Amino acid sequence: METNNRRDFLKKAALTGASALVAPSLFAANDEGRRESSPADMAGNLESRLIVPKNNGLKITGTFLDEISHDIPHQNWGEKEWDRDFQYMKRIGIDTVIMIRSGYRKFMTYPSPYLLKKGCYMPSVDLVDMYLRLAEKYKMKFYFGLYDSGRYWDTGDLSWEIEDNKYVIDEVWKMYGEKYKSFGGWYISGEISRATKGAIDAFHSMGKQCKDVSNGLPTFISPWIDGKKAIMGTDKLTKEDAVSVQQHEKEWNEIFDGIHDVVDACAFQDGHIDYDELDEFFTVNKKLADKYGMKCWTNAETLDRDMLIRFLPIKFDKLRMKLEAAKRAGYDKAITFEFSHFMSPQSAYLQAGHLYDRYREYFEIK
Amino acid sequence: METNNRRDFLKKAALTGASALVAPSLFAANDEGRRESSPADMAGNLESRLIVPKNNGLKITGTFLDEISHDIPHQNWGEKEWDRDFQYMKRIGIDTVIMIRSGYRKFMTYPSPYLLKKGCYMPSVDLVDMYLRLAEKYKMKFYFGLYDSGRYWDTGDLSWEIEDNKYVIDEVWKMYGEKYKSFGGWYISGEISRATKGAIDAFHSMGKQCKDVSNGLPTFISPWIDGKKAIMGTDKLTKEDAVSVQQHEKEWNEIFDGIHDVVDACAFQDGHIDYDELDEFFTVNKKLADKYGMKCWTNAETLDRDMLIRFLPIKFDKLRMKLEAAKRAGYDKAITFEFSHFMSPQSAYLQAGHLYDRYREYFEIK
Amino acid sequence: METNNRRDFLKKAALTGASALVAPSLFAANDEGRRESSPADMAGNLESRLIVPKNNGLKITGTFLDEISHDIPHQNWGEKEWDRDFQYMKRIGIDTVIMIRSGYRKFMTYPSPYLLKKGCYMPSVDLVDMYLRLAEKYKMKFYFGLYDSGRYWDTGDLSWEIEDNKYVIDEVWKMYGEKYKSFGGWYISGEISRATKGAIDAFHSMGKQCKDVSNGLPTFISPWIDGKKAIMGTDKLTKEDAVSVQQHEKEWNEIFDGIHDVVDACAFQDGHIDYDELDEFFTVNKKLADKYGMKCWTNAETLDRDMLIRFLPIKFDKLRMKLEAAKRAGYDKAITFEFSHFMSPQSAYLQAGHLYDRYREYFEIK
């Protein structure tokens, strides 16, 4: 029987202490065990030899929860898998989870009476409730992402979002905010960049309502920088007409000026500019945040924007460079989009589990 | 040694009965065991909390077998993996397997004397024979999918398919039909939609030959609805000029009228229309099938047509909505394209195994 | 407890000797164990039944190492995973590893003093050193792939590559070549096809320098054939204006004539032509190599170029046909692009592990 042969081999291997032995029986063991960790594996105790200083970046302490799916395929996890994922997050120091949106077009994360009446689909699980329970269990803060009707993406007009979210914010606070102490804040989910029509009014209006209803719980936004990799809806990997850092500063100065009284933090997505542009943009972002008394976060994307398959987990060195730049710039916090697909040991993308291991290795997390 | 540490930890964890303990040693266990199920996993017994009625859809009892590959990457399974997959299918009640096509252009699933002479490539395994053996072993019915020369895709003309399949149907019945009692029917594999030139003649001609040679074994087709997501060969996820339900009814009434004497069932693909269009289209489909004495099946696609990666497994709630609509419409049977990539616990896409678990949870299958 | 139930079931299953039993408890075992090999698995000992002669192709004895990533997503392996991968390679007879490039644009595989000064990014691990150590450990030859600045891809001009590699070749030989006896040769990494401007001069210049500095260590190139699947940068899977075999011969005769004194082998990529064109092109390639006293290798690609997802592992029968053609043509050696993503049992693409199994089955490798 295969299993017995394998055990016999392992015993022999242990006795002889073979170190680089390459024998069919070793491989039978490795092969059979290719989805488990095998004690016969001679590579088992090897450590990578880093030639850069360890622990030299800003640690990730928050992650988006990508429900419901927009452009990232769904993992079909149940509560069992989500519970385990929160454990994996906790292990590396994540204390904040942000549900990226509470609904997208007709799909919802919770049974919203308001949205059901508008024709949205009943979900089989109340994800908001589940995340809030898991956040309590693992002592994390949960941020609620607002509803995205999709009309902004279709029309460029944010006024629909304001209207729908008036109802969503109210009902969510009543359904969950007063019940769970893990309800820690709001994510204003409109993904804009510079010069989005009506952005200041929309952010201000939604931010104010969130704060008013919840006794001032913190709010944040996570816009993208209109850099060379901002190529959504095209076939290309880069574009020519990227924003200059001067123009970026000018435009975001105006936006921050208009929203800083109701938006506490801004976490620019870090994936649309090149690695040697990070310091320049990050310095400006920090300066602007400081000027307006806002917190400066980074959204350290863990998906790789440079590949033909959109999207799989990022190469560790790219993430490292981004987190090192965030530390150099004195950023306040790093969050990521997102842990469960791109960094989790149980992700359907196995590269994610290896990213998790590389991350722990670099930050010396057992 | 890592393994011993883990065992020690597990013993301690069991003794202390820790429930939400987050300790490095727990994670060492989880991490080592991330490709196996770990007894130390505190999330192990959690059940998802469903807020919709369970078991409220039409169960999937048939699946395509996607050999040979057309646009879905091959999994490179041997007989061992296929046998195991039939066990996984059987567990959720699948009693029908349909080989999607017996050949595609120069690739074949069996050593066809006719097609070899025409320059097709010899396959290393006779998949038809293997599937028929497995179907017998697991008491399922096997449907044979006809040969697809690819010329219809290139030219829009189905007459090549009729010509080649004259030979294929004859030789296949002699090679396998008379030998295996699991040979249960025929799938007429031309994937057409409305108004495909020559579709009625082609379906009728091939359907009649299948029935004549096999003493009337059942035949079926699985066309697509020319809906908003019928975007093959484009970059988009949706299109503007989708068919109306009225036009759909008019055109398929004509087609069913011309083929119902030799085609026993029609399983429209359910993935090209939106979720809130399901009832409307399904009602028409059932009415038409009833009118012509045909069985009304649904091809409940388990691939997700809404994502950038084409294709990964569908989000469970989408599948649920489609199966619930099929039940409401009184459909006769649900089959899927297809189990082995998009729903199997051993699929290379790990999301598929989670879809399998969600499906079992919803349908209360142990 | 689930685990105990499973063990109980296994005992019972062993006692009763059930062979095709389909019971919930069996599935509980299978399900729990879906990422490990389960002794309860009744499919465990099944062998595929091949209907073609086994062991009838040229075996793969070399592989590229795809660091650093260009268009294939990164797996984020540490030294532990790389060590294990070399074991998997060794098992099937791989004796040659080729680092595909030492740097690509600003990313590097080793801390090059020259490239650091030019603004390239410091890598966290010295991959050249690691690969050379692993090659020594497993008694393989390591080929060093030259630096690719990306400017050739942008401009079509190879002169930048010559300039940068003057420095790279020198420093690499000093840093590693004199230290590691596994340093076995050079891969001139410019991926050209016919009529690339300046290709002869570039290959000759770089090949000569590699040989001069290293006392004549072997060099090779791996160009693509400008066949019907050479569709880089387009949406299509095939193109109309593929090169004819006559034109291919004429142009490569000229190129070989200009480089054969400093390039020892040519490994044409085999993925850009159709399976029934293999013999014709391979015959010409071998004839040309013989004429100029070069070795004729094949780069047997293990990625599938015919699918919508670019790229996942190839279907085994396609690889088999290519290796059989290489044997028929009398080729000297088969290498692959590449083992670790597309053929390794620990690849993030699980289809790769099954390809490994099919390959071993065919070549009768235990």
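Taking GluC sites (Glu not before Pro) as exposed when their DSSP state is a loop state and no more than 12 other Cβ atoms lie within 10 Å, the longest site-free interval of chain B runs over B:48-177.
When Rg and the Kirkwood radius Rh are both evaluated on Cα atoms of region C:109-204, their ratio Rg/Rh stands at 0.99. Each part reduced to its alpha carbon centroid, region B:277-306 and region B:153-218 end up 22 Å apart.
Entry note, region A:90-219: relative contact order of 26 percent, from Cα contacts under 8 Å with a spacing of 6+ residues. Each residue, C:ASP332 and B:LYS239, gets one label point 7 Å from its Cα in the Cβ direction; the gap between the two is 5.2 nm. The Cα trace of region B:85-145 gives Rg and Dmax of 13.1, 41 Å, the first to one decimal, the second as a whole number.
Overall, region B:227-366 carries a charge dipole of about 420 debye about its Cα centre when +1 sits on the Cβ of Lys and Arg and -1 on the Cβ of Asp and Glu, all other atoms neutral. For C:LYS181, a cut-off of 21 angstrom between C-alpha atoms picks up these lysines, skipping any fewer than 8 places away in its own chain: C:LYS90, C:LYS137, C:LYS139, C:LYS141, C:LYS208, C:LYS211. Converting phi to 3J(HN,Hα) with the Karplus coefficients 6.51, -1.76 and 1.60 and the offset θ = phi - 60°, region C:108-125 yields 10, 9, 8, x, 6, x, 5, 6, 4, 5, 7, x, 6, 8, 5, x, 7, 9 Hz in sequence order, with x at every glycine or proline.
In the elastic network of chain A, a GNM with C-alpha springs shorter than 10 Å, the most mobile of A:HIS204, A:HIS70, A:HIS260 is A:HIS70. A compact globular protein would have a Cα radius of gyration near 2.2 N^0.38 Å; the ratio found for the protein assembly as shown is 0.94. For region C:155-254, with equal point scatterers placed on the C-alpha atoms only and solvent neglected, what are the log10 I(q)/I(0) values from the Debye formula at q = 0.10, 0.11, 0.15 1/Å, to two decimals? The calculated log intensity ratios at q = 0.10, 0.11, 0.15 Å⁻¹ are -0.37, -0.44, -0.72.
Cβ crowding within 10 Å, taken as a proxy for footprinting-reagent exposure, orders C:ILE92, B:ILE51 from fewest neighbours to most as B:ILE51, C:ILE92.
In this rough spin-label picture, where each label sits 7 Å from Cα along the Cβ direction, the C:ASN56-B:ASP71 distance is 3.4 nm. Residues B:LEU46, B:LEU58, A:LEU132 in ascending order of nearby Cβ atoms (within 10 Å, fewest first): B:LEU46, B:LEU58, A:LEU132. Going from the residue with the fewest nearby Cβ atoms within 10 Å to the one with the most, A:VAL97, A:VAL125 rank A:VAL125, A:VAL97. When every Cα-Cα distance of region A:249-291 is counted in 10 angstrom steps from zero, the calculated P(r) takes the values 26, 55, 18, 1 percent. Inter-copy label distances at C:LYS208, using a point 7 Å along Cα-to-Cβ, come to 7.5, 7.5 nm with the shortest given first.
Its relative contact order, with pairs defined as Cα atoms under 8 Å and 6+ residues apart, puts region C:60-363 at 16 percent.
Annotation: region A:262-366 has a Kirkwood hydrodynamic radius of 14.3 angstrom, from the mean reciprocal C-alpha pair distance. Applying the Karplus relation 6.51 cos²θ - 1.76 cosθ + 1.60 with θ = phi - 60° to region A:274-281 yields 3J(HN,Hα) values of 7, 5, 8, 9, 4, 4, 4, 5 Hz, where x marks Gly and Pro. Between B:LYS118 and A:GLN246, the distance separating the two model label sites (each 7 Å from Cα on the Cα→Cβ line) works out to 6.7 nm. Size descriptor for chain B, Kirkwood hydrodynamic radius: 22.1 Å (Cα pairs only, one decimal). Across identical copies of the chain, B:GLU47 has label-point separations of 4.6, 4.6 nm, listed in ascending order, with the point defined 7 angstrom from Cα along Cα→Cβ. Take B:ASP157, move 7 Å from Cα toward the beta carbon, and the resulting point lies 5.0, 5.0 nm from the same point in each other copy, nearest first.
Per residue, the protein assembly as shown reaches -12500 deg cm²/dmol at 222 nm when only DSSP H runs of four or more residues are counted, each adding -39500 (n - 2.57).
Placing R0 at 41 angstrom, the Cβ-Cβ distance between A:ILE231 and C:GLU171 gives a FRET efficiency of 0.70 after rounding to 0.05.
Averaging sequence separations of C-alpha pairs under 8 Å and six or more residues apart, then dividing by the length of region A:246-366, give the relative contact order as a whole percent. Once divided by the residue count of region A:246-366, the mean separation gives 23 percent. Phi angles across region C:346-357 convert, under the Karplus curve 6.51 cos²θ - 1.76 cosθ + 1.60 with θ = phi - 60°, into 3J(HN,Hα) values of 9, 4, 5, 8, 5, 4, 5, x, 6, 4, 4, 5 Hz, Gly and Pro given as x.
We did not get these values from a lab; they are worked out from the coordinates using the rules stated. Small disclaimer: the values here were computed from a predicted structure and weren't measured. Cβ: placed from backbone, ideal geometry, glycine included. Neighbour counts: every protein chain shown.
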